[in-house]
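Just so it is clear, none of the values below were taken in a lab; they were calculated from the coordinates. These numbers come from a predicted model, not from an experiment. Cβ: placed from backbone, ideal geometry, glycine included. Neighbour counts: every protein chain shown.
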C-alpha cells in the first residue's frame, strides 16, 4: 500500500500535528498557498514533495512551482491544482482518477463520474469557522481511498472519506 499525504493552504504555518500526521508517507502533495520555501523544506524532510503554486505564492521562491502537476503513481494518475475551478483538462477523458486541490479551505471528498475530488482543507491559520485539516490517499491495487482529518480537535477526527476503483487497461 502507498500512502500519499495531502496538505494545502498552510500560508506559512506548519503545525507539529501536521508533521506527525504526514510521517510515514511515501509522498506528500501540497495543494498551494504554501507561504514560504521553509514549509516545503520541512515537508521534504519527511518525504518527497509535489507542490503547486497557489494564488498567494507570489514571491521569488515560488517561481519554480507549476500551477498544475500530473502525477502518475502506480495505476492512479493524480492531477494537482490549487483552485479546482480552474481545471484546464477533462479528468475523465485523460484517465485521471484523483484531483487534488486547495484554495477554498473547505475539506471535500467527492466522487464525480469515477474521479475522486479531494480538497484536504487548510492546515494553516484558521479561516472563519472552517476546520484545520489535512488528509491522505491510500493506493492499494485497484483502488484509491481518500481521508481527511481535523487537526483542531482533541484527537484527529475523520471529517471525510471516499474511495474510487481504478480501471485496469485491457
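A residue that is touching a helix residue (DSSP H, G or I) at 6+ places or on another chain (Cβ under 6 Å) and either without any contact (Cβ under 8 Å) to a residue 24 or more places away in the chain or farther than 13 Å from residue 124 by Cβ (or both) occurs somewhere in segment 16-35. Among the residues of segment 102-126, those identified as in a loop (DSSP other than H, G, I, E, B), without any contact (Cβ under 8 Å) to a residue 40 or more places away in the chain and within 22 Å of residue 151 (Cα to Cα) are 104, 106, 126.
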